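Chemist: Supplied in structure tokens, the structure appears directly below.
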Amino acid sequence: MNNLLCDIPISPTEVDYKLAGRKSRPGGTVVQLDDVDIGGDQFTVMAGPCAVESYEQLLTTAEIVKSGGAKILRGGAFKPRSSPYAFQGLEEEGLKLLAEVRHQTGLPIVTEVMDTRQVDLVYRYTDIFQIGSRSMQNFPLLKEVAKTDKPVLFKRGLGATIDEYLQAAEYILQGNENVILCERGIRTFETSTRNTLDLNAIPMLKHLSHLPVIVDPSHGTGHPWMVAPMSRAAMAAGADGILVEVHHKPEEALCDGHQSLNPEEFFNMMHDLYLIGTAIGKEVISPNIVLQ
Ligand code: PEP
Ligand code: MN
């Protein structure tokens, strides 16, 4: 969409998005999952390892993130790795471990589904489907999760415009209204960070759409020391939560340990988010959680 007279790109309008557009729900959408809300006054922290590696790793990390105030446990069982020689995830065994740790901790889980053929299987174990960045325009997959009744954490494609992203969200919304958007960084000329976390996307998505917006500063930066500052920025810019990689021993992680927070870094970040949340009216942790 270009304005030929002055060559300034015209931004998309909510008119283009029948189901995702803010006009259809001016007050914004809160995706509800038992006793966890995503959207509204809540700032929902989804945290855990990049990949499920073992029962011990998952349970230890889950207990850490829970005690810091995370409401949802993340962990990949099917991993979209750049190299076919890298750890691909524990697949169904990983899903079983996620379900077991949910049982132990009470934390609902979010895990990635990469392929239409995995939807039924992942449905049996997960609380929230994650559609990864590389799958944003896998339209058959979007149509398949649209047939289910579980929320979908829908990541922005690494090379996708906001317009392409919201158009793709429409595919899911045609059958399933529980879509949670997730900005996870886009490819730019910059190489000092893994991706360029597009903070502009937060107010833009909020402006154009009624859907909750989560930010993933782990993949958005690729550096653990940038995760806390970008999480604070995301909260201040109006995000409804974060998806963050935490590992009890990042140096031993099989996937993305280089960008994962250790327990102390996670607790410190949660403390800062609690303070900002208090100032701007977003609830990040229950007041009875004691940050260490
Ligand atoms: C992930 O969350 O572990 C992941 C693979 O993310 P993305 O799809 O954003 O690269
Ligand atoms: Mn990862």
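The values are calculated or read from the model by the stated rules, or taken from the named source; none is laboratory data. Everything numeric in this text was worked out from a predicted model, so none of it was measured. Cβ: placed from backbone, ideal geometry, glycine included. Neighbour counts: every protein chain shown. Remember, those area values only see protein heavy atoms, side chains included, never the ligands or the DNA or RNA. Shrake-Rupley method; radii C 1.70, N 1.55, O 1.52, S 1.80 Å.
Chemist: I'm trying to understand the selection: among the residues of region 177-226, which are within 16 Å of the chain's Cα centre (by Cα), under 18 Å from residue 261 (Cα atoms) and more than 13 Å from ligand 1 (Cβ to nearest atom)?
Modeler: none
Chemist: Same structure, new question: Mind listing just one residue for me: the one in region 132-167 that is in contact (Cβ under 8 Å) with a residue 40 or more places away in the chain and hydrophobic (A, V, I, L, M, F, W, C) and, of those, nearest to residue 186 (Cα to Cα)?
Modeler: Filtering first and then ranking leaves 162.
Chemist: Is it fair to say residue 254 is within 16 Å of ligand 2 (Cβ to nearest atom), open to solvent by 40 Å² or more (accessible area, probe 1.4 Å), touching a strand residue (DSSP E or B) at 6+ places or on another chain (Cβ under 9 Å) and part of a loop (DSSP other than H, G, I, E, B)?
Modeler: yes
Chemist: Follow-up. Tell me which residues, restricted to region 268-287, are open to solvent by 20 Å² or more (accessible area, probe 1.4 Å), part of a helix (DSSP H, G or I) and not hydroxyl-bearing (Ser, Thr, Tyr).
Modeler: 268, 271, 272, 275, 276, 279, 280
Chemist: If residue 243 meets every condition in (1) more than 16 Å from ligand 2 (Cβ to nearest atom); (2) hydrophobic (A, V, I, L, M, F, W, C); (3) crowded, with 21+ Cβ neighbours inside 10 Å apart from one, which number is that one?
Modeler: (1)
Chemist: Kindly indicate whether any position in region 93-110 is within 16 Å of ligand 2 (Cβ to nearest atom) and within 30 Å of residue 276 (Cα to Cα).
Modeler: Checking region 93-110: at least one residue is within 16 Å of ligand 2 (Cβ to nearest atom) and within 30 Å of residue 276 (Cα to Cα).
Chemist: Within region 218-234, restricting attention to residues that are closer than 25 Å to residue 29 by Cα and out of contact with any Asp or Glu (no Cβ under 9 Å at 6 or more places or on another chain), which residue is farthest from ligand 2 (Cβ to nearest atom)?
Modeler: Selected residue: 233.
Chemist: Additional query: Taking the conditions exactly as written (open to solvent by less than 10 Å² (accessible area, probe 1.4 Å), polar (S, T, N, Q) and within 16 Å of ligand 2 (Cβ to nearest atom)), does residue 57 satisfy them or not?
Modeler: Here the answer is yes, as residue 57 does meet what is asked.
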